[in-house]
1. What's the number of the condition Pro133 fails, among (1) open to solvent by 10 Å² or more (accessible area, probe 1.4 Å); (2) of a type outside the set (Phe, Trp, Tyr); (3) free of Cβ contacts under 8 Å to residues at least 40 places away in the same chain?
2. Tell me, yes or no, whether the range 155-176 has at least one residue that is assigned to a loop (DSSP other than H, G, I, E, B) and at pLDDT below 95.
3. For the structure I just gave you, tell me whether Thr5 is touching a strand residue (DSSP E or B) at 6+ places or on another chain (Cβ under 9 Å) and not hydrophobic (A, V, I, L, M, F, W, C).
4. Would you pick out the residues in the range 27-39 that are open to solvent by 50 Å² or more (accessible area, probe 1.4 Å) and under 11 Å from the mean Cα position of the chain (by Cα)?
5. List the number of the failed condition for Leu148; all other conditions in (1) under 12 Å from Leu96 (Cα atoms); (2) open to solvent by less than 10 Å² (accessible area, probe 1.4 Å) hold.
6. Looking at the range 99-116, can you tell me whether even one residue there is of a type in the set (Ser, Thr, Tyr), surrounded by fewer than 21 Cβ atoms within 10 Å (Cβ to Cβ) and over 26 Å from Ile50 (Cα atoms)?
7. Tell me the helices (runs of 4 or more DSSP H) entirely within the range 25-115 that contain at least 3 residues that are of a type outside the set (Phe, Trp, Tyr) and free of Cβ contacts under 8 Å to residues at least 40 places away in the same chain.
8. Identify all residues within the range 10-21 that are under 17 Å from His95 (Cβ atoms) and either touching a Phe, Trp or Tyr at 6+ places or on another chain (Cβ under 8 Å) or surrounded by fewer than 19 Cβ atoms within 10 Å (Cβ to Cβ) (or both); write none if there are none.
Amino acid sequence: KMDVTCDVCFFGHSMIAMSNFQKYFPDKKIIEIGYPGDNIKGMQLRVSQIVAVHPKKVFVMAGTNSLSYSKTEFEQEYNKLITAIQDSLPQVKLHLFNIIPQNDGRLGNTERNPIVRERNIFIKNYSNRKKIPLIDLYTIYTDCNGALDKKYTKDGVHLVPEAYLLWTNAIRKYIEKIH
């Protein structure tokens, strides 16, 4: 059972599990709740984990492992996830990340990138409609061909540790505003 308090909770799949934002923001208490391979439906089942850490802010990364969902199913399940978080923690400031593109590799496949772009359009429109800040990770990791830049990955999907510095820079203004 968890019952702790943090400033920031990052919630998502393996990219969150592999992160270490605490090292970049040593003055904040950060908890990363990432579960490798988790999809949006699995994340819905884990919302209680966010509640247990009493965050001031929550950053959600969802969708990479849900690219096989139909467009309709993705949109419905994404909405269920975000609604569940908001209903469980109505006072918490929520932020969304879009989906990072892929590159060909042991796990990645550039053929998935048109779906990534389609899902990111939905996430952008959803964040605008719901007035939830969206942090655009897709653009910072994309090469000139619309794929995950090879210098940021070893397997075509996951980021190498030094690539998290770009992510850190993208979220810095949101993290530093926490008192």
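The values are calculated or read from the model by the stated rules, or taken from the named source; none is laboratory data. As the structure is a computational prediction, the values presented were derived from the model and not from experiment. Heads up, the Cβs are rebuilt from the backbone with ideal geometry, glycines too, and the neighbour counts pull from every protein chain shown. These accessible areas exclude ligands, DNA and RNA; they are computed on the full protein's heavy atoms, side chains included. Shrake-Rupley method; radii C 1.70, N 1.55, O 1.52, S 1.80 Å.
1. The single condition Pro133 does not satisfy is (3).
2. Our first condition is that a residue be assigned to a loop (DSSP other than H, G, I, E, B); within the range 155-176, this holds for 155-158, 160, 176.
With at pLDDT below 95 added as a condition, the list becomes 176.
Checked the range 155-176: at least one residue is assigned to a loop (DSSP other than H, G, I, E, B) and at pLDDT below 95.
3. no
4. The answer is Glu32, and nothing else.
5. (1)
6. Keep residues of the range 99-116 that are of a type in the set (Ser, Thr, Tyr), which gives 110.
Then drop every residue that is not surrounded by fewer than 21 Cβ atoms within 10 Å (Cβ to Cβ), which leaves 110.
The next check asks that each one be over 26 Å from Ile50 (Cα atoms); those that pass are 110.
So far as the range 99-116 goes, yes, one or more of its residues are of a type in the set (Ser, Thr, Tyr), surrounded by fewer than 21 Cβ atoms within 10 Å (Cβ to Cβ) and over 26 Å from Ile50 (Cα atoms).
7. Details: elements: 40-45, 47-52, 71-88.
Output list reads 40-45, 71-88.
8. Filtering the range 10-21 for residues under 17 Å from His95 (Cβ atoms) gives 10-13, 15-16, 19, 21.
Answer for the range 10-21, where residues must be under 17 Å from His95 (Cβ atoms) and either touching a Phe, Trp or Tyr at 6+ places or on another chain (Cβ under 8 Å) or surrounded by fewer than 19 Cβ atoms within 10 Å (Cβ to Cβ) (or both): Phe10, Phe11, Gly12, His13, Ile16, Ser19, Phe21.
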